[in-house]
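Peer 1: Attaching a single structure in structure tokens format; questions to follow.
The values are calculated or read from the model by the stated rules, or taken from the named source; none is laboratory data. Here the structure is a predicted model, which is why all the values come from computation and not from measurement. Cβ placement follows ideal geometry from the backbone for every residue including glycine, while neighbour counts extend to all protein chains displayed. Just so you know, the surface numbers come from the protein's heavy atoms only, side chains and all, with ligands and any DNA or RNA stripped out. Shrake-Rupley method; radii C 1.70, N 1.55, O 1.52, S 1.80 Å.
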Amino acid sequence: MSDMEGMMPELTLNADAAKVEAPTLTLSMDPEPAPEAAKPEVKPVVIDDSMLTEAEKKVVDDFSKKIDLNDSQMILQYGVAAQKGVATFSESALKNVSTKDLGQVGDTLSSLVVELKSFGQEEEEKGLFGFFKKAGNRIEAMKAQYGKAEANVDKIARELEQHQRVLMKDIAMFDQMYDLNLKYYKELTMYIIAGKKRLAEVRSGQLEELRKKAEASGAPEDAQAYNDLAQMCDRFDKKLHDLELTRMVSIQMGPQTRMLQNNDTLMVEKIQSSLVNTIPLWKSQMVLALGLENSRRATAAQTAVTNATNELLRKNADMLKMGTVATAKEAERSIIDIETLQHTNQQLISTLDEVIQIQREGAQKRREAELELGRIEGELKQKLMELRG
């Protein structure tokens, strides 16, 4: 779309403003890379009273005056109600997502697709006899199958309608959750602004006075009072930071809630399309299929007879050829194949060669054994003479 916008001609009523650009010549086949669009600079959001209405500013001003930073319990409980509200809201959204199984809707839609596709896929008996056996009651079989499929489709349609009602309730609930989260977000914003305003007043006023007093008197109790209030200010500052984190969670929950709501809306639209388009269209097509079946039967019967006849003739011709050729080959074949005689002769010659070789090796080993026996006898005699000497 950006490329089309760049090519869009500019219209003007000022003839002098028309700009004629000379064509660009290049020796490179690759177009010049377009300059990268600069990313817009993100401007940080500052939480102040500029995001409040006049009425809300007055509420914040009045409330900030009631904040006592010397009260540790007040600091501990500051904004907790709004934080709990956001936590409860998050748990509610999580529970809704975890307990709702949109996979059931997908399974139901898948079942609808399977049911619609399975129509007309009944198993038929093979062969010409099977065709004529089925042809007589095919219309009745289709009607019976259509009735069964229609009952299953109507059951699936009722399940889809139930899913649709549940999803529509969830969509309305998400609207309520979004409004409730918006309320918590606004409360947290006002708590933070009021707290920051009061904290700034205390630090610039009471805390500064205590610091000057402690420096002037040098008394430890004055220094301790200054230190206590400073710590309370730090604790309250951390508390405001916690509220800002909770506020960010609330901000993120807004688009997340809308995303969940949008998912449910898309699923409702899908179910509605199946109920008002897919199923009625399937039923009308089945009526057409039943009407076309009557005109198809005669042509199908003739086609089946012709195909069966041609198949029979081809099979008989193939069998005749195979039988004739096999008979001729067997008639010309010798009682003993020459290859068999050659193999027998080669095995006989190989056997004789191996026997001769074995006999030669046996004679050689006997001669070597005789020499070894003589040597052993000589060694023994020599050893006996040594013992007598």
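Peer 1: Tyr226 fails exactly one of the following numbered conditions: (1) free of Cβ contacts under 8 Å to residues at least 40 places away in the same chain; (2) surrounded by fewer than 18 Cβ atoms within 10 Å (Cβ to Cβ). What is the number of that condition?
Peer 2: Answer for Tyr226: the failing condition is (2).
Peer 1: Here are the criteria: (1) open to solvent by less than 90 Å² (accessible area, probe 1.4 Å); (2) at pLDDT 70 or above. Tell me which single one Ala304 does not satisfy.
Peer 2: Evaluating Ala304 over (1) open to solvent by less than 90 Å² (accessible area, probe 1.4 Å); (2) at pLDDT 70 or above leaves (2) as the failure.
Peer 1: Same structure, new question: How many residues are assigned to a helix (DSSP H, G or I) and more than 13 Å from Leu69 (Cβ to Cβ) if we restrict to the stretch 205-221?
Peer 2: Kept after step one, since they are assigned to a helix (DSSP H, G or I), are these residues of the stretch 205-221: 206-217, 220-221.
Filter again for more than 13 Å from Leu69 (Cβ to Cβ), leaving 208-209, 211-217, 220-221.
Within the stretch 205-221, residues that are assigned to a helix (DSSP H, G or I) and more than 13 Å from Leu69 (Cβ to Cβ) number 11.
Peer 1: Looking for something modelled with pLDDT under 80 and either over 30 Å from Ile271 (Cβ atoms) or part of a helix (DSSP H, G or I) (or both) - is there at least one such residue anywhere in the stretch 161-178?
Peer 2: Just the residues of the stretch 161-178 that are modelled with pLDDT under 80, to begin with: 163.
Now narrow it down to the ones that are either over 30 Å from Ile271 (Cβ atoms) or part of a helix (DSSP H, G or I) (or both): 163.
Yes, because at least one residue in the stretch 161-178 is modelled with pLDDT under 80 and either over 30 Å from Ile271 (Cβ atoms) or part of a helix (DSSP H, G or I) (or both).
Peer 1: Something else: Pick from Leu182, Leu167: which is open to solvent by less than 30 Å² (accessible area, probe 1.4 Å) and either among the basic types (Lys, Arg) or within 30 Å of Leu260 (Cα to Cα) (or both)? So that I can check it myself, show each step before the final result.
Peer 2: Working: Leu182 fails: open to solvent by less than 30 Å² (accessible area, probe 1.4 Å).
The unique qualifying residue is Leu167.
Peer 1: Give me the residue from the stretch 256-279 that is without any contact (Cβ under 8 Å) to a residue 60 or more places away in the chain and polar (S, T, N, Q) and, out of that set, surrounded by the most Cβ atoms within 10 Å (Cβ to Cβ).
Peer 2: Start the filter on the stretch 256-279 by keeping residues that are without any contact (Cβ under 8 Å) to a residue 60 or more places away in the chain, which leaves 259, 262, 266, 269, 273, 276-277.
Filter once more, keeping what is polar (S, T, N, Q): 262, 273, 277.
On the way: Asn262: 13, Ser273: 11, Asn277: 10.
Top of the filtered list is Asn262.
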